[in-house]
1. List every residue pair whose Cβ atoms sit under 7 Å apart, with the two residues 6 or more apart in sequence or on different chains, where the first one lies in segment B:133-160 and is among the charged types (D, E, K, R) and the second, anywhere, is buried (at least 21 other Cβ atoms within 10 Å of the Cβ).
2. What residue, of A:239, A:227, is at pLDDT 95 or above, within 14 Å of another protein chain (Cβ to nearest Cβ) and surrounded by 24 or more Cβ atoms within 10 Å (Cβ to Cβ)?
3. I need a count of the residues in segment B:285-331 that are over 25 Å from residue B:360 (Cα atoms) and not in a strand (DSSP E or B).
4. Considering only residues of segment A:271-289 that are farther than 14 Å from residue A:231 by Cβ and not small (Gly, Ala, Ser), which is surrounded by the most Cβ atoms within 10 Å (Cβ to Cβ)?
5. Among (1) part of a strand (DSSP E or B); (2) within 14 Å of another protein chain (Cβ to nearest Cβ), which single condition is residue A:213 missing?
6. I'm trying to understand the selection: among the residues of segment B:316-338, which are charged (D, E, K, R) and either at the interface with chain A (Cβ under 10 Å from one of its Cβ atoms) or on the phi > 0 side of the Ramachandran plot (or both)?
7. How about segment A:301-350: which strands (runs of 3 or more DSSP E) wholly inside it have at least 3 residues that are over 18 Å from the mean Cα position of the chain (by Cα)?
8. Give me a count of the residues in segment B:162-175 that are out of contact with any Ser or Thr (no Cβ under 9 Å at 6 or more places or on another chain) and either of a type in the set (Gly, Ala, Ser) or more than 14 Å from chain A (Cβ to nearest Cβ) (or both).
Amino acid sequence: MSHCTLSALSVLLAATSVFAQASAVPQTKLLREVGVGPDLLCVATIPGTAKAYAGGTDGKIYLIDFDEAKSKPIAWDAHVSYVSGLAFTGKHLISAGSDRQLIWWDVSTKTKVRSLEAHDKKWIRGVALSPDGKILASVGDDMICRLWDAESGKPIRELKGHDKLTPYGLISKLYCCRFSADGKYLATGDQAGIALIWEAASGKQVAKIHAPHLYTSDTNGHTYGGIRSIAFSPDGLLIAVSGNLAGDTSTIVNSKAMAQLFDWKANKQTHDFPIKINGFFESICFHPKQPWLIAAVGAGEGKKVFILDLRKKAVLHEFLSNTLVFDIALNESADTLIAVGRKKALRWQLQTGGSTP
Amino acid sequence: MPSSSSRAVASSSPEHLLGRRAFFGATGGALLGGALGLDAFAAPAFANQLQRDQKRVLMIFLNGGMSQFESWDPKPGRPTGGPFMSIPTSIPGYRISELMPRMASSIHRHTAILRCQQGFGDHTDFTIYGGRPKTGPVRYPTLGPMLARELANPNSQVPHHVMFTNYLGANYFESAGFLGTTWNPINIVPDRIAPTAPFTIGHSRVRLAPPANSLPDSLSDADHREREALRVQLSQRFGVGRSRDGVLLSHSGAYGRVRGMMDSARLFDIEQESTQMRTRYGSTPFGQQALVARRLIEAGVPYVRVNRSWWDHHGQNFEFHQEMVPELDHVLSVLLEDLQERGLLRNTLVVTFSEMGRTPGINAAQGRDHFARMSVTLSGCGIRPGVVHGSTNDDGTAAVTGSVTLQQFFATVMRAVGIDHQKEINNTDGRPVPLTDYGTEPVAAVLA
C-alpha cells in the first residue's frame, strides 16, 4: 500500500516535536469524488499537483486529476491481476501486483521499463519508497522484505525475519512496509501481528514488536487479522500498526477497527485505539505537523475516516468517506488527503484550524 | 425402479466368508473383546482381504461454503475472478487456482471433478440431506448414515460412522432419520474456551478423539464387563417379542458397541503414528484430524467425515482462502498419497463436498456471498480419474454443461462404492424409501 509523502515531511519535522503541541481542531471538506469502475487498492500522489496514481482490481493503473470537474481517469493495463502497491519516484512509477510482478513504468509513455518477479513467485503485497526516493522496499508472501535500487531496479538486500507460518501452522502474509521520515529505519508488518524494525542501511533487524489482538483464532476455526498498515511517527520514535480487533467472524460484523502505537525502542505499547465500527483500518498515516494518526476504514461496512488524537488518546474527528477506503495519502504540505477504495477516489481539504483549549 | 444391490461387501459371498475367517484368525483373542485394532494389519493375508472387500468413504466437508473460484473453477482476469491466478493441472486443458499446486500436479491420478447445482444456497442442512426435506412425514437420513449402514461390516466392532469438526457453530451433523440412531455418528467436537479480554468471542480447542472413551478411575474393567453382562441379560429379556422395535435395536446396538469403542481408543491416537507421518499431514487441526480419519479408515470404519470450517467469507474472502485453500490442497494431497501407498485408495472413496459455493460477485467487504453452485471432487474407489464433468460460463455465473443435482451426486458416491443408489429401505411405517429419489441417475462419466 502507499503512504504519506515523507520526503518533504522529514524536512518539516526535523526541528520540532509535534507531540509537544496542543491538538488543533481538524476541519475536512470534500473537494472531489471520482467514480472508477473497479475497486482501487493503492495510491501514489504526484507532488505539486492534484493528481494521483491509483491501482485497481482490474489490473489497471489510473491517473486521476482531482482538479478536473468531471475527472475521467486515464487508465492503462499494468498487471494481469490486482494492483497491490504503487510508488512514484518522480521519474518512474513502480507498481506491484498479485500477479507477482514488480514493474517500473515510464509514466510519460505508459510503457514498461522493466518487470521483475520479485518475491519468489508469491504475491507482492505492497511497496514503499525511501524519503530520498533512492530505495524501494517491497513485501510479499514469501515473507521477505526486499530492497531495490529505485532507479536501476537492482536488488540491494533481503530482510528476512518474519515467520512463514502463523502460530496456527497456516501460511502467513507480509502485508506492509514503510520507511521512517529520516530514512534510517524501515518497518514491516505481518499477519500474525508481528512488526519488525530494520536499519535501512545495514539491513539489521533492530526491534520486534508483537501487536496484541490483531491476530487470533476464533470459535469458527478462523485464524484472523493481521497488520494491514504500518507507519512511523514523524519523529521516528513511535510505530503505529493497524487492522482489526481480531476474533470475530469472517463477516466482520461488530468487529472493531484497531490501531495501536508502540515506543518501538522500548518495546512498549503507548496507544490503543479499538474503534467500534465494522471493519479494518486498512490504511494509516501520521500527520506531519499535528499529533494525529489518520486511519481509514476498509474491508468492512464502516465508511469513515478517523483522526485520532495521540495526545488525548481519543478520536478527535471523524468524517464519512462514502466508500470503503483501502489506501490514503497526504500531499507534501499535508493540507489535502486522498483516499482510494470501493470504486471511488476522493480528495479532501484538511485544515488544522485553531488549537484546542 | 429399484434394481438389485451391487454392493461389493455382500456378507454372504464365499470370498467374504473367507475374509471373515481371516479376520478372526488374524486378530485372535483380542477381537473377542471388541474392536479390530491396527495390529490386525500385521497379518498380510487379512490386510489384503480387507483391502479387497471393504469399501469405505472419507468425506471432507467444507462448512460455510468454499469458493469454487478460489479452488476448482477459477476465472482469472474476469470481473468475478478475484486476485488469484490459475495454474495448469495434470489433466490437459483443466486449470485450478494457484492456491492448489499439489493437487494440480497429481489430480489426474485419482480425482474427478463435478459441478453441482444445489438449487438452494444458504446455511441449512439442505446439502447434507441431498436436497430432501429434513422434516415431514418421512424422516430422511443424511448421506453419512446411509453410507455407513450399507458399507458396515456387521461383525466389526469398530465405529461405523465418525465425524470430526473444528467448529462450534452449525456443523450440520449427520442424522440417521428413519434408519435408526445406530447409524448416527460419533461426533467429535471441539472444546469451547471462554473469551479473554478484549475479545468478546471465545476460542475453541480441537479434539482428535471422542471424550470419555475410556473407563473412569472409579470403574474397573471387570466391573464394567459384569455390568455389561447384566445389561445384556436384562435387555434380552425385555426384547422378547420386540425384535422389530427400531428404537430398542438402536439402543441395544449402541450399548453393544461400547466395548468396541473403548478398545478403539488407540485408533484415535495419532501418537501411534511416526513423527514423520504426523509431520507429513501437518500440524494444523485439520491435518491432524485427517490423519486420525485415515487411521479409522484403515481399521475398517466405513464412513468418516472431517469438517473443515469456516468458509463463509462474506468479508476478506481472498485473505481467508489464501490461508485455507493451501491447507486443503496439502491435506487432501497427502491423504490421497497415503491411502494410495497403503493400498487403501482402491477401496476408499475420498470426497470433498462443500456446504455451498460462493457468488461470482465480489462485495464491498472483498467477500463473496452464498451461491447455489459449487464444485466437488471424488477420488479413489470406483472413480474414473481425470474427468471434469460440467463447465461454467466465463464469469462462473451459470452452468454451460453437465450441471449435477445433489441427488445425482449422492447416487454417484453410492455407485462408486458399490451401493445400489435405488435400493429401498423400509421407513418406520413400512413404506419403502429409496436411498436416492426414484429416477435419479449417477454421473456415469466419472464412474470407473
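The values are calculated or read from the model by the stated rules, or taken from the named source; none is laboratory data. Keep in mind the model is a prediction, meaning the values are calculated, not measured. Here Cβ is always computed from backbone atoms with ideal geometry, including for glycine, and neighbour counts include all displayed protein chains.
1. B:139/B:177; B:149/B:179; B:149/B:183; B:150/B:419
2. Working: A:239 fails: within 14 Å of another protein chain (Cβ to nearest Cβ).
The match here is A:227.
3. 20
4. First, the residues of segment A:271-289 that are farther than 14 Å from residue A:231 by Cβ: A:272, A:274-280, A:289.
After this cut, where a residue has to be not small (Gly, Ala, Ser) as well, the list is A:272, A:274-278, A:280, A:289.
Details: A:272: 15, A:274: 15, A:275: 19, A:276: 10, A:277: 19, A:278: 21, A:280: 35, A:289: 18.
Top of the filtered list is A:280.
5. Checking residue A:213 against (1) part of a strand (DSSP E or B); (2) within 14 Å of another protein chain (Cβ to nearest Cβ), the one that fails is (1).
6. Matches in segment B:316-338: B:319, B:323, B:327.
7. Values: elements: A:304-309, A:314-320, A:325-330, A:336-341.
Answer list for segment A:301-350: A:314-320.
8. Total meeting the criteria: 2.
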